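Here the structure comes first, spelled out in structure tokens, and everything after it is commentary.
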Amino acid sequence: MTHFRGYIAFETEILTQQDRARAGAAFFDAGLGKPKTWSDDVAALGLAQRFVTDEDLRERQPIADSAGRVVLFSGYLFEPAQVRADLGIPPESTDSEIVSGWVERYGFENLQRLKGDYTFAVWDPQKRRVDLVVSAMAMRIAYWHARPNGFWFATILSALHQFPSVPKVLDPLELAMNFSVHIADPAKTHYKDIHLVPPGTHLSVTQQGVQERAFWRPNPRHRVKFRKPEDYAEAALELLDRSVKVRLRGRRTPGVLVSGGLDSPAVAASAAIQSAPGEVQTYTAIPHPGQYIEGRKGWYNSEQASVEALAAQYPNIRPGFYSSAGPAGFEEDPTPFFVAGGRNFFGGNHFGWFDPTYRAARADGHDVVLMGSMGNMALSFDGLRTMSDFARSGRIDKLLTLAIPAIRFIGRSLKDIMKYHILLTALPPKLRDSQWRLRHPGQEPWARITAMRPEFGKKIGFNEALWAAGEDGMFLHQASSREMQANFLHNRRTRNLEMWLALRAYYGLEQRDPYADADLVDFCIGIPRDQYLWGGQTRSLMRRTLANRLPSRIVNERKIGQQNPEWFARISAQRESFLAEVERLARVPLAAEMLDLPRLKEMLDNWPKDADAAIPRRFEFEHMLPRAIQTGRFIRWSEGGNQ
């Protein structure tokens, strides 16, 4: 993606000239053009263009309009021809010129009508004001830091930190929240006094202060109602195809990251139909031959057969299957990700399994790939949380005719599902917390998933922050299914976007997710809850939507494709480096105070003899351990310690 940064010096200070000089510094991102700059006596702006669409080749940013306002634009508009016609500007106008015309005509009102995946900034020298806008459900964000005498902003955190005046002081509470996979305020970051602009947000800044306005959010109160059940599946398919179509925009057809589930094959099929007879290349990670793979009830180990069935149905799909014998380089040394993204990069062991697919896509010349990461909270929502909705509204008939048969459909325990989705979610977070402590004396609820020292949690007020955010450390969420979807599609997704930004910077590969679409999200949240369990099946809406679009083995699959099934072999290859890291982290004050290093040392010293022996503690070894090590490495890197 194109990146930009800027510094607005409302008042001159000691580092002003150094900050102004850094506006044109090179970005830590693969595949960008040479930075271009614009400046006046107050503002210093810089932008490096990535050339993805044909129009990008004509971009000459930063650009100024007739009133002297300067525009920086990153991303793409969904239907630029329509907006050009509305504005009455030349048909060859670039996206930045379209946005400039939009601001000149409409200002910053009705931004939800300017559909696209973008971030833009506008500096108005006359008003001495800068505006930052991130589109609804964008695959990008912006970062900022403000003081009375200045404002600094950038499209990626590493670029913001290139300004000498921007502080780089870790925020222990936010670091702990992110480390434990909890989110209180998605606009906060790992660093004190550095914030981000989430999707669907307009930020306006003058010397008098910062004003933030949300012009779009997933709305749990939104409702969509059709006359017939089949109308929902028809509308869903239309929305999906439209979302895929606008994300195919580029100099060549994007590649598609494909699994054996419902979401990404649906994206690939739609892309194949709309690109025919042109070729669509897909990229699928599979287990490495010869690696031991554990059997896991309710899961299947390789998604290759399902993707091959998809390719057989669509001859213009050219599938590729990729694996690796060991960890990716960044799993053992994540420094390149820290440098590229400027933040902690969780899930390195998981993303490392996909490393061969990203590299293959780049080797094939792709700079854009489609994926389906948000599908599980959108069209393919499993519907199990709707049990809570039915119970609260007294719809026992729905529980009996839809929810209970759906649980049996997937072979899950009726008792466990009802406990998780009905009984526990009805309790306030503090009460669930108290129940946990009664059953597990001396333990914190979050200790089962996070290797954080309890003393550290108490010091930073961790439990109080969780309760204030409506969390309990167990991810139960006291919420309806609509509220749950909205929370994931905004709060949790905003946090995940920071990792996707780091991936983009590292590989030079832009990700586009058709399920991250405002119109589609409005539909998925607004429809009646029974549509997700219609016919007594989980993910019923998606199964009905794709009944004539995907192979039956994909549509009717009840099991889940297991990603990184050879996790134990991959993590075992890193044991020695983990041991060495634990020793180093004992000498890093914040890491030693935050992380439960004795617990990590015990795990490493008592390593399971094989994958089968590791199964009872799989979560600890596959997720908790590498996440803790990665967090420690980030703290050490951020605080400048090499040992």
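For segment 2-214, the fraction of 1.4 Å probe accessible surface lying on carbon and sulfur atoms is 49 percent. Our coupling estimate for segment 272-286, obtained by passing each phi through the Karplus curve with A = 6.51, B = -1.76, C = 1.60 and θ = phi - 60°, is 5, 5, 7, 9, 4, x, x, 7, 10, 8, 10, 9, 10, 8, 9 Hz, Gly and Pro reported as x.
Relative to the current alpha-carbon distance between ASP54 and ALA309, full extension at 0.36 nm per residue lengthens the span by 88.4 nm.
Spacing of the modelled spin labels on SER413 and ARG252, each 7 Å from Cα toward Cβ, amounts to 5.1 nm. Per residue, the chain reaches -10500 deg cm²/dmol at 222 nm when only DSSP H runs of four or more residues are counted, each adding -39500 (n - 2.57). The charge dipole of segment 1-152, taken about its Cα centre with unit charges on the Cβ of Lys, Arg, Asp and Glu (plus for the first two, minus for the last two), comes to roughly 300 debye. Given R0 = 56 Å, the distance between the Cβ atoms of GLU230 and SER66 translates into a calculated FRET efficiency of 0.60.
Taking every DSSP bridge with both residues inside the chain, close to 80 percent are antiparallel.
May I ask you to derive the relative contact order of segment 2-214, considering only C-alpha pairs under 8 Å and at least 6 residues apart, and to give it as an integer percent? Rounded, it is 20 percent for segment 2-214. Under the simplified labelling scheme, the ALA276-VAL169 pair shows an inter-label distance of 6.1 nm, with each label point 7 Å from Cα along Cα→Cβ. The residues of segment 2-214 expose on average 36 square angstrom of accessible surface per residue, using a 1.4 Å probe on protein heavy atoms.
Once you sort the root eigenvalues of the Cα gyration tensor of segment 201-345 as a ≥ b ≥ c, which label holds: rounded (a/c under 1.5), prolate (a/b larger than b/c) or oblate (the other case)? Oblate, since a/c reaches 1.5 and b/c is not below a/b.
Between ALA426 and THR12, the contour length at 0.36 nm per residue exceeds the alpha carbon distance by 143.6 nm. Working from the Cα coordinates of segment 74-164, the gyration tensor eigenvalues give, after taking √(5λ), semi-axes of 26, 16, 11 Å in decreasing order.
Accessible surface computed residue by residue for segment 428-477, with neighbouring protein chains in place and a 1.4 Å probe, gives 49 Å² per residue. Here's the list of lysines a cross-link from LYS225 could span, going by alpha-carbon distance under 21 Å and ignoring same-chain residues fewer than 8 apart: LYS398. Straight-line reach from LYS609: taking Cα to Cα under 19 Å and skipping same-chain neighbours fewer than 8 places apart, the aspartates and glutamates in range are GLU294, GLU566, GLU576, GLU620, GLU622. When all protein chains stay in place and ligands, DNA and RNA are ignored, the 1.4 Å accessible-area order of LEU546, LEU257, largest first, is LEU257, LEU546. Run the numbers on segment 1-54 and let me know its relative contact order in percent, using alpha-carbon pairs under 8 Å that are six or more apart. Once divided by the residue count of segment 1-54, the mean separation gives 46 percent. Computed from label points 7 Å out along Cα-Cβ, the spacing between ARG587 and LYS609 is 3.6 nm. Using Cα centres only, tell me the gap between segment 3-23 and segment 212-283 in whole Å. About 41 Å separates the Cα centre of segment 3-23 from the one of segment 212-283.
The alpha carbon gyration tensor of segment 2-214 gives principal lengths a ≥ b ≥ c with a/c of 1.5 or higher and a/b greater than b/c, which makes the shape prolate. Listed by chain and number, the lysines whose C-alpha is less than 26 Å from the C-alpha of LYS458, apart from same-chain residues fewer than 8 away, are LYS168, LYS188, LYS192, LYS430, LYS601. How large is the translational diffusion coefficient of segment 566-640 in µm² per second when you combine the Kirkwood radius over alpha carbon pairs with Stokes-Einstein at 25 °C and 0.890 mPa s? After rounding, the answer is 195 µm²/s. Ordered from largest to smallest accessible area (heavy atoms of protein chains, 1.4 Å probe), the residues ASP117, ASP54 come out as ASP54, ASP117.
Name the shape class, rounded, prolate or oblate, that the alpha-carbon gyration tensor gives for segment 166-259, where a ≥ b ≥ c are the square roots of its eigenvalues, rounded holds for a/c under 1.5, and otherwise prolate holds if a/b is larger than b/c and oblate otherwise. Note, shape of segment 166-259 comes out prolate.
What number in nm² do you get for segment 432-512 if you take the convex hull of its Cα atoms and divide its surface by four? Average projection, Cα convex hull of segment 432-512: 7.3 nm². Taking each residue as 0.36 nm, the span from THR335 to GLU238 lengthens on full extension beyond its C-alpha to C-alpha distance by 30.6 nm. At 1.4 Å probe size, with the rest of the protein present, what percent of the exposed accessible area of segment 566-640 is carbon and sulfur atoms? So the carbon and sulfur contribution to the accessible surface is 53 percent. Spatial offset of segment 28-69 relative to segment 424-455 amounts to 50 Å, using the alpha carbon center of each.
Using the 1.4 Å probe convention, the accessible area of segment 216-346 works out to 43 Å² per residue with neighbouring protein chains retained.
Given a 1.4 Å probe and every protein chain left where it sits, what share in percent of the accessible area of segment 242-323 is carbon and sulfur? That fraction is 52 percent.
The values are calculated or read from the model by the stated rules, or taken from the named source; none is laboratory data. These numbers were taken from a predicted model, which means no experiment stands behind them. FYI the Cβ positions are ideal-geometry reconstructions off the backbone, even for glycines, and counts take in every protein chain you see. For accessibility, only protein heavy atoms count, side chains too; no ligands or nucleic acids. Shrake-Rupley method; radii C 1.70, N 1.55, O 1.52, S 1.80 Å.
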